[in-house]
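**Student:** I am attaching a structure below and will ask some questions about it afterwards.
No value in this document is a laboratory result; all are computed from the given coordinates. Since this is a predicted model, take the numbers as computed values, not measurements. FYI the Cβ positions are ideal-geometry reconstructions off the backbone, even for glycines, and counts take in every protein chain you see.
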Amino acid sequence: MKEKMNLEILRHSCSHVMAQAVQELFPGTKLGIGPAIEDGFYYDFDTSAALSAGKKEAFTDEDLARIEKKMAEIIAEDEPFIREDLEKKAALSLFKKLDEPYKVELINALAGAQISVYRTGKKFVDLCRGPHIQSTGQIKAFKLLSVAGAYWHGIETNPMLQRIYGTCFESRQELDEHLKNLEEARLRDHRKLGPNLELFDIYHEEAGAGLVFYHPKGALLRMLIEDYEKKEHLKRGYQIVTTPHIMQAGLWKTSGHYDYYKENMYTLNIDKQEYVLKPMNCPGHILIYKSKTRSYKDLPVRLFELGTVYRHEKAGVLHGLLRVRGFTQDDAHIFCLPEQLKAEIKAVIDFVFDTMKTFGFNDVSIELSTRPQKSIGSDEDWERATQALEESLKEKGLAYDINEGDGAFYGPKIDIKIKDALKRKWQCATIQCDFALPKRFNLAYIDNAGKEQQPIMLHRVLLGSVERFVGTLIEHYNADLPLWLAPLQALVIPIKDTVMDYAQKIVQALKAEGVRVEIDSHNETLDKKIRNAEMNKVPYCLVIGEREEKSGSVSVRQKGKGNIGALNIDEFIKKIKEEVEKKAV
RNA sequence: GCUGGAGUAGCUCAGUCGGCAGAGCACGUCCUUGGUAAGGACGGGGUCACGAGUUCAAUUCUCGUCUCCAGCUCCA
């Protein structure tokens, strides 16, 4: 904990040094804010007034190099950080004199009568609550990483400032390690690996941005994920349904989505009727629930659909498979009695954990998001819903963070994020508790007194979007998928043409046992074929030559491990089946 | 949507200070028939993202559009 604090102080101090360097190099640049963040720090600058210094608009890579150099000079000077406490009025006049409008705005918003500022060097002074390191010489290892626009206070209508990101560590070695990690993450990028390994593609120009095409191998991977999910859902008392891709606009007006998300919906007008390409599966499931009178004895009703939805996300937010415009949710809606609510929530939580574990994710983080500004439903319902979620988490003994005001417009939610091999967080499961839609759609069941009552609705996904989950899997495993998910499990490599018949027999024997196998019959050397297989991340190569044909065996090569010796075909089938059975655990 | 950067062969990238467009990999044909990470030769492949403008001439300069990248904002 103390170390984390120290690192934060170090990084924040480093951001001051960067700001000092920027103002020395580009006089007239106005300061925004410069906090430490998870992996480093940033500082926001308004360069519009620095034109006189020859600074046109945004910082360039060359500028970053210059700034780094200037920072190194400031660090070499070992200038002390000096704290000064001022009356609010004095602070205001100081920053007015320095012509720092953003700082003046910040001071005006501060509550206390005392304001602290920090000085470094002869001229640089910054509004700051501190604390800081003692002097700039304590910064041992830093690097500026990138520059990007950022709205002042993060509000879209505010002016856009130039944000410089950097990072800083206590030692050169740690910094190098971090930079290496960034490079590793770059190499595993699913946007690169996916098309390279022929899993999927996004034909931005021809078909449209954010629309995914699964190639045969990717479609197979997706099918394996979906098949697993269908089986598990049936096991756990869900019923599988399918609903249409377009439905009339009225349904979304009733649900409230039309009012909140109209600009993100794909609509079409046919026969003077407005249709919406479904952005959610809930209304469809609600119609199925409403299709007959439900008794309290029928509840809970759990409807599951691998539902493909379309949302017109803003152009700038699209990102590989992680943020797309058409995607498939592993979506279910649970209609239950009030007294069933917590048990259902807890069962979903268990389901999420089991699923994550199966796919090889053991590290999760949980957030509880509460009522947002824009929302529907009564205070009382929000209270009950939030309480049910929170109590479920507590009763399961799970740690969670509260995300104030981040819930859906119709109810609070639990988000479960997974951490991958590089410790990065990925959004997957969410569980939302909803009293509002049952009311709007007049959902009902008959209680044991013969009276109509309103069920409670849970919205939940486990993986979230299949697309995003495929992206997550690729990056988590660096595309070295566990055998049960590998689209191609084994590649048969005949050494020369004369053993082709035997090789084909091996392929047929494996196919008959459900092994996903191909043969590499290219006219290439063994070395070349093995190299290709390794690069395509094929788990097993079966090398077939005269020796194998004579003894009725296959020479097995495991990816990353090399030649593991000869097995007869039954032994290999047994081995591969056992490994598939284990899944990721 | 906003700020900045970018778009040349299926992929990775050179190149043209405005004058017939290049390499490696991949692909095809042939030679080679091999023992665990690149055998050899030859060959096909491009409206230089798209649309306007300037020019004798535009892949190159200007403007617009589309898309991607880094962020911001957003994510039912």
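**Student:** Note down the net charge around A:D415, summing +1 for each Lys or Arg and -1 for each Asp or Glu among other residues with Cβ under 12 Å from its Cβ.
**Tutor:** Here the count lands on +1.
**Student:** With a cut-off of 8 Å between alpha carbons and a minimum separation of six or more residues, what is the relative contact order of region A:305-375 in percent?
**Tutor:** Relative contact order of region A:305-375: 25 percent.
**Student:** So what is the relative contact order of region A:20-156, in percent, for Cα pairs below 8 Å that sit 6 or more residues apart?
**Tutor:** This gives 24 percent for region A:20-156.
**Student:** Only sites in a loop by DSSP and with at most 15 other Cβ atoms within 10 Å count here; which trypsin sites (Lys or Arg not before Pro) in region A:301-369 make the cut? Don't skip to the answer; put the middle values down first.
**Tutor:** Working: sites: A:R302, A:R311, A:K314, A:R323, A:R325, A:K342, A:K346, A:K357; in loops: A:R311, A:K314, A:R325.
Hits after loop and neighbour filter: A:K314.
**Student:** Continuing with the same structure: For region A:273-318 and region A:79-94, what is the separation of their Cα centres, given in Å?
**Tutor:** That distance is 57 Å.
**Student:** If you don't mind, another one. Cα to Cα, under 21 Å, and not fewer than 8 places away if on the same chain: which lysines meet these conditions relative to A:K528?
**Tutor:** The reachable lysines, counting only those whose Cα sits under 21 Å from A:K528, are A:K496, A:K537, A:K559, A:K561.
**Student:** In terms of the Cα gyration tensor, with a ≥ b ≥ c the square roots of its eigenvalues, is region A:278-415 rounded because a/c is under 1.5, prolate because a/b exceeds b/c, or oblate?
**Tutor:** Cα axes put region A:278-415 in the rounded bin.
**Student:** If we count every other residue with Cβ under 12 angstrom of A:V241's Cβ, Lys/Arg +1 and Asp/Glu -1, where does the sum land?
**Tutor:** Once positives and negatives cancel, what remains is 0.
**Student:** Pick out, in residue order, every one of the trypsin sites (Lys or Arg not before Pro) in region A:63-134 that is DSSP loop and has at most 14 other C-beta atoms within 10 Å; say none if there are none.
**Tutor:** A:K122, A:K123, A:R129
**Student:** Still on this structure: Given 25 °C and 0.890 mPa s, compute D for region A:287-349 with the Stokes-Einstein relation, Rh being the Kirkwood radius over Cα pairs; round to the nearest whole µm²/s.
**Tutor:** 171 µm²/s
**Student:** Continuing with the same structure: What Kirkwood radius, in Å to one decimal, follows from the Cα pairs of chain A? Please list the in-between numbers first.
**Tutor:** On the way: mean 1/r = 0.0354 Å⁻¹.
Value: 28.2 Å, from the Cα pair sum.
**Student:** Every cysteine in chain A with no other Cys Cβ under 4.7 Å from its Cβ, please list them in numeric order.
**Tutor:** Lacking a cysteine Cβ partner under 4.7 Å: A:C128, A:C282, A:C336, A:C428, A:C433, A:C541.
**Student:** Now for a different question. Using the beta-carbon distance between A:N269 and A:K394 and R0 = 35 Å, what value does 1/(1 + (r/R0)^6) give for FRET efficiency, to the nearest 0.05?
**Tutor:** The pair A:N269/A:K394 has a calculated efficiency of 0.10.
**Student:** Additional query: Two-decimal Rg/Rh of region A:319-399 from alpha-carbon positions, Kirkwood Rh? Write down the numbers at each step before the final one.
**Tutor:** Numbers: Rg = 15.3 Å, Rh = 15.2 Å.
Rg/Rh for region A:319-399 comes to 1.00.
**Student:** Where does the charge balance sit around A:P283 when Lys and Arg score +1, Asp and Glu -1, over other residues with C-beta under 11 Å from its C-beta?
**Tutor:** Computed value for this residue: +4.
**Student:** Ok, one more. Classify region A:28-156: rounded, prolate or oblate, from the alpha-carbon gyration tensor (a ≥ b ≥ c, eigenvalue square roots; a/c under 1.5 rounded; otherwise prolate if a/b is larger than b/c)?
**Tutor:** Judged from the Cα gyration tensor, region A:28-156 comes out oblate (a/c at least 1.5, b/c at or above a/b).
**Student:** Name the trypsin sites (Lys or Arg not before Pro) in region A:496-542 that are in a loop by DSSP and that have at most 14 other C-beta atoms within 10 Å, would you?
**Tutor:** A:K496
**Student:** Same structure, new question: By its C-alpha gyration tensor, with a ≥ b ≥ c as the square roots of the eigenvalues, how is region A:198-287 shaped: rounded for a/c under 1.5, else prolate for a/b larger than b/c, else oblate?
**Tutor:** It comes out oblate by the Cα gyration axes.
**Student:** OK, next. Using Cα pairs closer than 8 Å and at least 6 residues apart in sequence, work out the relative contact order for chain A, in percent.
**Tutor:** In percent, rounded to a whole number, it is 9.
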